[in-house]
Amino acid sequence: MDTRPKILLLDDDPDLLELYRELLSRLPSKPEVHTATSGARALALLETEPFRLLISDLKMPKMDGLQVLSIVRRKYPQLRTVVLTSVTDEQFRSRVYALGIDLFWQKPASETEINLFLECLESLLEREPEEGGFRGIQSKSLVDIIQLECLAQNSTTLRITNGPLTGKIWILNGELVDATTEDLTGEAAFKNILAWKAGTFETLPPDPTRQRTILKSYNALLLETVQALDESRVTDTTTPGVQTALSLPLLTQFEGMEFVLLLKPGGEKNYEARGLENPQPISRWARQALEGFRSLGDKVKVGTLQQVVCLGPQRQVALAPHGENDVCAGWSHTLSADQIRDMMKKLLTLWAF
């Protein structure tokens, strides 16, 4: 019996379908790949085959990708879904994720991007269908959902349901305004809601008149909440790859920090992280980047690597050695390189390993 996972590729360009089919043949799971050039054909195939993953373009004639994905989310809630598109608009990306998509990916343009894309797909294929998450954005945590809304500077009200529990989070122009659940309000309610591991959520119209009770930035409050949740969990500190509580100073004092990753010797899976839903791809990239810069430094004989700052349109990333370990930290794209360098020095000074 063939137990290989089945993938359905949807794109109106036959040449691209063949290219993607060839790329997917590199996946370790060796999936069985089917293709469709129209939304109607894709839906017909989904009726007859038990697919694990749907990869869809967005811009197609007659029935576009958004229409297909809306139908798929209702009819096949356990099906993993990926958007592969050339659309780069951040607000559009946020709307796509709100449909319940697992992954939104711009069409890869380099070998590095292709390899990272394939790693993400393999990770999706490895997940069991019953794994937790918040329906509406499958397998995403509330941290992801809130970050998407705030990054896009949206105004919305999120209603979250977890069994008999119900909570609301108000967002206005990308800022957290208020939260309520049971008898709690403000920051206390927000932290309580984020402790829920699964449930359902829906987006309601924004309320511009809502009185603000949460005064911290969303980055600061998310990091503080995630840190508290990490420290409350009992984890296996001997198993490689298991995330353990980091001996960090309170991260909320670093305005603009979005995540932090500690890379330890002993292989790419030996790390600790906060603020990341899936740290492994970033851990792998950071190790490769640091190795490359160290090698370059040795060749040109410029001395020991001190720090690397990478600037991007959505996020800045800084890399730095510290003792026997390496540190990778994500920062808001609004910070300058000089500001990040100063913040990294402060982080490394306060961080006791």
Could you list, in sequence order, the residues of segment 179-197 that are in a helix (DSSP H, G or I), farther than 14 Å from Val143 by Cβ, among the hydrophobic types (A, V, I, L, M, F, W, C) and touching a Lys or Arg at 6+ places or on another chain (Cβ under 9 Å)? Ala189
I'd like to check something: does segment 127-137 contain any residue that is surrounded by 14 or more Cβ atoms within 10 Å (Cβ to Cβ) and either modelled with pLDDT of 75 or more or under 21 Å from Met60 (Cβ atoms) (or both)? no
Checked against (1) crowded, with 21+ Cβ neighbours inside 10 Å; (2) in a helix (DSSP H, G or I), Leu9 satisfies every condition except (2)
Being closer than 20 Å to Leu125 by Cα, charged (D, E, K, R), at pLDDT below 90 and in the same structural domain as Trp105 (by TED's automatic domain parsing): is that true of Asp57 here? yes
Answer from Leu84, Leu10 - the residue that is within 26 Å of the chain's Cα centre (by Cα), closer than 22 Å to Gly100 by Cα and at pLDDT 90 or above: Leu10
Would it be correct to say that Leu229 is at pLDDT 80 or above, under 30 Å from Leu165 (Cβ atoms), not assigned by TED's automatic domain parsing to the domain that holds Asp326 and not in a loop (DSSP other than H, G, I, E, B)? no
On the given criteria, is Glu324 among the charged types (D, E, K, R), more than 22 Å from Cys120 (Cα to Cα) and free of Cβ contacts under 8 Å to residues at least 40 places away in the same chain? no
Lys264: passes all of (1) under 26 Å from Glu224 (Cα atoms); (2) without any contact (Cβ under 8 Å) to a residue 60 or more places away in the chain; (3) not aliphatic (A, V, I, L, M) but (2)
Could you look through segment 342-353, keep only residues that are within 22 Å of Arg287 (Cβ to Cβ) and either in a loop (DSSP other than H, G, I, E, B) or touching a strand residue (DSSP E or B) at 6+ places or on another chain (Cβ under 6 Å) (or both), and pick out the one that is modelled with the highest pLDDT? Met344
Please find, among Thr85, Thr3, the residue that is more than 17 Å from Leu121 (Cβ to Cβ) and among the β-branched types (Val, Ile, Thr). Thr3
Any idea which of Lys75, Lys59, Lys30 is surrounded by fewer than 16 Cβ atoms within 10 Å (Cβ to Cβ), at positive phi and not hydrophobic (A, V, I, L, M, F, W, C)? Lys30
Given the conditions (1) hydrophobic (A, V, I, L, M, F, W, C); (2) assigned by TED's automatic domain parsing to the domain that holds Leu10; (3) modelled with pLDDT of 80 or more, report the number of the one that Leu158 does not fulfil. (2)
Scanning for something touching a Lys or Arg at 6+ places or on another chain (Cβ under 7 Å), closer than 30 Å to Ala286 by Cα and at pLDDT 85 or above, does segment 31-46 turn up at least one residue? yes
Looking at Gln316, Gln280 in this structure, which one is within 30 Å of Asn192 (Cβ to Cβ), modelled with pLDDT of 80 or more and outside any loop (DSSP other than H, G, I, E, B)? Gln280
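The values are calculated or read from the model by the stated rules, or taken from the named source; none is laboratory data. A quick note: this is a predicted structure, and the numbers were derived from the prediction, not measured. Ideal geometry is used to build each Cβ from the backbone, glycine not excepted, and the neighbour counts take in all protein chains shown.
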